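Data first, discussion second: the structure below is written as structure tokens.
What follows is calculated from the coordinates using simple rules that are stated; it is not laboratory data. Just so it is clear, the model here is predicted, and its values are computed rather than measured. No Cβ is skipped: glycine too gets one built from the backbone with ideal geometry, and neighbour counts run over all protein chains shown.
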Amino acid sequence: MIPRHLERKIRQSAEQYPVISLTGPRQSGKTTLIRAMFPNMQYFSLENPELRHLAVEDPRGFLAQFQEKGVILDEVQRTPDLFSYIQTRVDEVDRPGQFILSGSQNFLLMKNISQTLAGRCAIFHLLPFSLNELRKLPHPLVEDLGQKIPSIPEPENTNLFDLLFSGFYPRIHDKKMDPLVWLKNYTQTYIERDVRDLINIGDLESFRMFMVLCAGRVGQLLNLSSLASDCGITHTTAKRWLSVLETGFIVTLLRPHYQNFNKRLVKSPKLYFIDTGLLCYLLRIRSPVFFY
């Protein structure tokens with residue numbers, strides 16, 4: 001497993017907080033990371049219908065079996081009632097590192113954490129690989145950002161353009177998969193599963209077009225009115241759909257920097273995609289030769 005820079009902070013927080021929450025986009029390596037970090041903890045995925053049924057029907061009994069040691073609960077947002085019982089457990093037994101919660105739907109997971117586990121939970125977001133992680137280099141220091149350009153050697157048999165085209169999702173690099181095939185399946189799964197769970201979209205093709213239009217505006221100032229008009233939807237719908245993409249760690253909005261703090265909040269942000277490979281796929285870039 002390629003080491004992740006987030007690992008050190010998670011370990012530190014696991015010695016201080018009774019609950020650790022790890023969210024991020026699907027296939028960013030959350031399960032692999034937490035299972036490698038906490039091998040002595042029992043692991044349960046609540047995607048399993050039988051386990052999910054047990055957790056829903058008898059949450060107290062489900063949690064009672066983990067009193068002596070910690071537990072990893074994956075996709076825990078699928079059992080929202082379980083959070084109240086976890087709160088009761090950590091209030092009764094204030095021991096760090098009791099629960100490791102992970103999930104791919106940040107909105108649903110954070111909603112339940114904010115309602116029941118505020119102050120008891122350390123929250124982390126795991127994104128796809130960074131360039132330094134892939135090259136097995138240390139995390140750059142915050143004080144060095146914008147001050148100097150680090151000297152980074154090129155890895156063997158690859159270059160920056162190949163990496164930008166392939167993207168940084170772990171499975172593509174771990175299994176040496178064709179990024180076009182993998183990203184096609186990833187996009188389809190994301191739209192047909194996560195989007196349907198979060199919002200009721202009758203026309204998925206319109207949402208696909210919305211994603212492509214967002215890709216075409218990457219690095220530009222966000223103009224929701226123009227985006228909505230080109231997609232044939234209302235301004236309100238465009239705002240809601242963009243929020244879904246942001247919540248699902250597909251896009252991010254970069255706020256402008258002004259000395260006046262109020263301006264930072266009211267001025268238009270720029271739109272960026274989290275992963276360059278997904279961006280290339282949506283823009284129908286079919287080869288890294290495009291960059292040369």
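Look at where the Cα atoms of region 26-52 and of region 220-292 average out, and the two centres are 31 Å apart. Per residue, the convex hull spanned by the Cα atoms of the chain measures out at 167 cubic angstrom. Per-peptide packing, taken as the mean over residues of other Cβ atoms within 10 Å, places 239-251, 173-185 in the sequence 239-251, 173-185 from highest down.
Based on the Kirkwood radius over alpha-carbon pairs, what is the Stokes-Einstein translational diffusion coefficient of region 7-125 at 20 °C with 1.002 mPa s viscosity, in µm²/s? Roughly 153 µm²/s, to the nearest whole number. Histogrammed with a bin width of 10 Å, the alpha carbon distances of region 223-280 distribute as 22, 43, 31, 4 percent, first bin at zero. What the phi angles of region 260-271 give under the Karplus curve with 6.51, -1.76 and 1.60, with θ = phi - 60°, is a coupling list of 7, 4, 4, 5, 4, 7, 9, 6, 5, x, 9, 9 Hz, glycine and proline written as x. The lysines within cross-link reach of residue 175, meaning a Cα-to-Cα straight distance under 26 Å and a gap of 8 or more places when in the same chain, are 30, 136, 184.
Residues of region 100-133 with an amide N closer than 15 Å to a point placed 7 Å from the Cα of residue 8 along the Cα-to-Cβ direction: 132-133. Each 5 Å bin from zero up to the one holding the largest Cα-Cα distance in region 160-291 carries the following percent of pairs: 2, 10, 19, 21, 19, 14, 9, 5, 1, 0. Normalised by the number of residues in the chain, the mean separation of alpha-carbon contacts (under 8 Å, six or more apart) gives a relative contact order of 20 percent.
Among 32, 23, 88, the ranking by other beta carbons within 10 Å of each residue's beta carbon, starting with the fewest, stands as 88, 32, 23. Annotation: the residues 9, 111, sorted from fewest to most other C-beta atoms within 10 Å of their own C-beta, follow the order 9, 111. The aspartates and glutamates within cross-link reach of residue 270, meaning a Cα-to-Cα straight distance under 14 Å and a gap of 8 or more places when in the same chain, are 246. Distance between the 7 Å Cα→Cβ label points at residue 139 and residue 64: 4.0 nm.
Taking the Cα centre of region 7-125 as origin and assigning +1 to Lys and Arg Cβ atoms and -1 to Asp and Glu Cβ atoms, the resulting dipole is close to 440 debye. Converting phi to 3J(HN,Hα) with the Karplus coefficients 6.51, -1.76 and 1.60 and the offset θ = phi - 60°, region 244-257 yields 5, 5, 6, 5, x, 6, 8, 10, 9, 10, 9, 6, x, 9 Hz in sequence order, with x at every glycine or proline. Can you tell me the orientation of helix 204-216 relative to the chain, as the angle in degrees between its alpha-carbon axis and the longest Cα principal axis, to the nearest 10? Result, in degrees: 60. Dividing the summed helix terms, -39500 (n - 2.57) for each DSSP H run of n ≥ 4, by the number of residues in the chain produces a 222 nm estimate of -12000 deg cm²/dmol to the nearest 500. Relative contact order of region 7-125: 43 percent, from C-alpha pairs under 8 Å at least 6 residues apart in sequence. For the chain, the longest principal axis of the Cα atoms and the long axis of helix 82-92 meet at an angle of about 50 degrees. Put in line by how crowded their Cβ is, counting other Cβ atoms within 10 Å and starting with the fewest, 10, 20 read 10, 20.
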